[in-house]
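The values are calculated or read from the model by the stated rules, or taken from the named source; none is laboratory data. Note that this is a predicted model, so its numbers are computed, not measured. Here the Cβ positions follow ideal geometry from the backbone for every residue, glycine too, while neighbour counts run over all protein chains shown. Surface areas here come from the heavy atoms of the whole protein model, side chains and all, with no ligands, DNA or RNA. Shrake-Rupley method; radii C 1.70, N 1.55, O 1.52, S 1.80 Å.
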Protein chains: 2
Amino acid sequence: MTTMSPPAPELQPRLRFPDQGSKAFGPGKAELLRRIADTGSIRTAARELGMSYNRAWLLVRDMNGLFREPLVVATRGGDRRGGAALSPLGAEVLARYTRMEASCLRATRADWQALRRLLRPSD
Amino acid sequence: MTTMSPPAPELQPRLRFPDQGSKAFGPGKAELLRRIADTGSIRTAARELGMSYNRAWLLVRDMNGLFREPLVVATRGGDRRGGAALSPLGAEVLARYTRMEASCLRATRADWQALRRLLRPSD
């Protein structure tokens, strides 16, 4: 009989690798990659995420160093300050990571639905 | 031809819920539950995890409040300071969470194996 239900609690799978070290790849870096792919600009991606350009640039540098080749590369083109794009490797990493998140959610759905019913309802 | 390889990087699935709020249930609380189940004592579990008793107690309080019934209950018995055990609900939550971690790892294995080969080898 409630007319306004709070949003149902969701499961967050935060997949991180490698397991050692502070520069791991995880959901934050994946989202930054996604925004760079969408906007063609580290600066715009950073702004969309409420992050300083400097912070985004450092995250990109860390990501690029984590893999055999850079994930994000500079582009030249219309934007007079230059732009950024995902390398083929960057696109592959983002696609695989995105699929892993979806696979994890699907594989855990039955247990999560059961657990969710055991949570105390929030007001 | 290497004689000493560094350990292979591993994927960490950090499953957290609910998605809002700072008192979410995740891998840290699950591990605390596991140790309490094993040792029958919040104090011993805390010591094994390198955590203060006070910190462990607060985490238990938060967990107990997150669900419809407490996950950890006090026991009386041999230990003169009393002990702790998982309630049936606590055992169910821990079992489901543990299975979710395993399911997530299994479901993401193929992509993770491919991603792992794209990582720069660590020295």
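In this structure A:R35 has an accessible area near 70 Å², from a 1.4 Å probe over the protein heavy atoms.
Remark: accessible area buried at the A-B interface is about 3700 Å², both chains counted, probe radius 1.4 Å. For A:R16, the amide hydrogen comes within under 5 Å of the amide hydrogens of B:Q12, B:R14, counting only partners 5 or more places away or on other chains and with H modelled in the peptide plane. Histogrammed with a bin width of 5 Å, the alpha carbon distances of the protein assembly as shown distribute as 1, 6, 12, 13, 14, 13, 12, 11, 8, 5, 3, 1, 1, 0, 0, 0 percent, first bin at zero.
Defining a contact as two alpha carbons under 8 Å apart and six or more residues distant in sequence, what relative contact order in percent does segment B:36-97 show? In percent, rounded to a whole number, it is 31. Once you treat every alpha carbon in segment B:14-123 as an equal point and sum by Debye, what is log10 I(q)/I(0) at q = 0.16 Å⁻¹? Listed by q, the Debye log ratios stand at -0.77. Across the alpha-carbon atoms of segment A:7-69, the computed radius of gyration and Dmax are 12.9, 41 angstrom. In this Cβ point-charge picture (+1 for Lys and Arg, -1 for Asp and Glu), segment B:8-123 has a dipole of about 120 debye about its Cα centre.
Relative contact order for chain A: 23 percent, from Cα pairs under 8 Å spaced at least 6 residues apart, divided by residue count.
Among complete DSSP H helices in chain A, those whose alpha-carbon atoms stretch at least 27 Å along the helix's long axis and whose mean Kyte-Doolittle hydropathy reaches -0.5 are A:88-118.
Electrostatic tally near A:E48: other residues with Cβ closer than 15 Å to its Cβ, Lys and Arg +1, Asp and Glu -1, net +4.
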